[in-house]
Amino acid sequence: MTMTPEQAAWFQGTFTRLVDNVDRALMGKREVVGLVLAAMLAEGHVLLEDAPGTGKTSLAKALAATVQGTSSRIQFTPDLLPSDVTGVTIYDQQAHRFEFHRGPVFASIVLADEINRASPKTQSALLEVMEESRVTVDGVPHEVGRPFLVIATQNPVEQAGTYKLPEAQLDRFLVKTSIGYPDLAVAERILAGAADRNPSAHLPAIITTGAVADMADLAATVHVEPAVLRYTAQLAEATRADASVNLGVSVRGSLSLIRIAKVWAAAQGRHFVTPDDVKALVGPVWTHRLVLDPEAEFSGTTAEAVIARTLESVPAPQARAAA
């Protein structure tokens, strides 16, 4: 079944209301909010590379409040254990059985703060739950439910005592973006409300978590023309053929781009994906997946430059509405 124009119009209206609500707590960052919300509806995860104090925690709390979900924050440190993230099985002496005590990863929105400060072993505790939305402890799987969004952060400035995220884990993040500092006018509005230390607590819920899951299922029915699929595959192939790249975009990266492009199209009120949707999202979805050649990187080549070069070299098909 393909999404109808009427369903696309409803999706657009609901998506706009969600962004408006979150924007009340995270002022002036509608584009970032829309991107994170689209990632959640595409059932992916977000990596925020940003300086401290830019509103990452506020974003997670506001998003959870908007969808009537739960939120948790995990401060990643070198001594954090995998069981501190996923949970642990403890023997109940009175009941004479083992019981699973859920960790903070069991929430609708999970903020993994400074994820690169934990050891690779602890970082790997997130791999299964990010990919399969479940945690396996002592051979028993535990579902985390829907929606489930991991917002991981890392500080781009302080690298002392950090562990670089491996490519396999970076590939699990659908989107990489940053919130950034507000402009002067928005900063003044934020300072005017300084007395309210938790603006997210006053946000009304717009929809339920069940409705969010329904929106995700509906977005998956957006139509994608074969020409757009071919265009996406050609772009991915071009990144792998680039002389400055050691590791290009994977198949998972291509699938991720199509999934979020469907959500993006529906958020614009369309029941079909256009090449412009792909172009708009290819940067935040693909830049963190590229592994550049060290010599090229030393000479000043960036992942953003490779993406721009790729978009110029691969001709886009003519946009055509779905029937």
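The values are calculated or read from the model by the stated rules, or taken from the named source; none is laboratory data. Everything quoted here is computed from the prediction, not taken from an experiment. As a convention, Cβ positions derive from the backbone with ideal geometry for all residues, glycine included, and neighbour counts pool all protein chains shown. With ligands, DNA and RNA removed, areas are computed over all heavy atoms of the protein, side chains included. Shrake-Rupley method; radii C 1.70, N 1.55, O 1.52, S 1.80 Å.
Numbers for the structure displayed
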item: Interatomic Cα distance distribution for the range 63-195, bins of 5 angstrom, percent; result: 2, 9, 16, 19, 18, 14, 10, 7, 3, 2, 1, 0, 0
item: Separation between Cα centres of the range 166-214 and the range 258-288, rounded to whole Å; result: 20 Å
item: Unit charges on C-beta of K, R, D, E only; dipole of the range 58-186, Debye; result: 180 debye
item: Sequence-distant aspartates and glutamates (8 or more away, or on other chains) whose Cα lies within less than 16 Å of residue 61; result: 20, 23, 113, 196
item: Debye, to nearest 20: dipole size of the chain, +1 on Lys, Arg Cβ, -1 on Asp, Glu Cβ; result: 500 debye
item: Binned Cα-Cα distance frequencies in the range 1-55 - 10 Å width, integer %; result: 21, 45, 25, 7, 1
item: Where the chain is the region considered: accessible area per residue in Å², 1.4 Å probe; result: 48 Å²
item: For the chain, alpha-carbon Rg relative to the globular expectation (2.2 N^0.38 Å, N residues); result: 1.03
item: Whole-percent carbon and sulfur share, accessible surface of the chain, 1.4 Å; result: 53 percent
item: Candidates per trypsin sites (Lys or Arg not before Pro) in the range 161-205, loop by DSSP, up to 12 other Cβ within 10 Å; result: 164, 197
item: In Å², nearest 10: area of residue 304 left accessible to a 1.4 Å probe; result: 110 Å²
item: Those residues of the range 237-253 whose amide nitrogen sits under 14 Å from the label point placed on residue 299, 7 Å along Cα→Cβ; result: 242-246
item: Dmax and Rg, reported as Rg then Dmax, of the range 1-153 (C-alpha, Å); result: 17.4, 58
item: Under the span-like rule (Cα at least 20 Å along the axis, Kyte-Doolittle mean at least 0.5), DSSP H helices of the chain; result: 251-267
item: Convex hull volume per residue in cubic angstrom - Cα atoms of the range 169-229; result: 210 Å³
item: Taking the range 67-217 and dividing mean pair separation by its residue count, relative contact order in percent (alpha carbons under 8 Å, at least six apart); result: 26 percent
item: Heavy atoms of residue 264: accessible area, 1.4 Å probe, square angstrom to 10; result: 50 Å²
item: 130, 27, ranked by accessible area, largest first (probe 1.4 Å); result: 27, 130
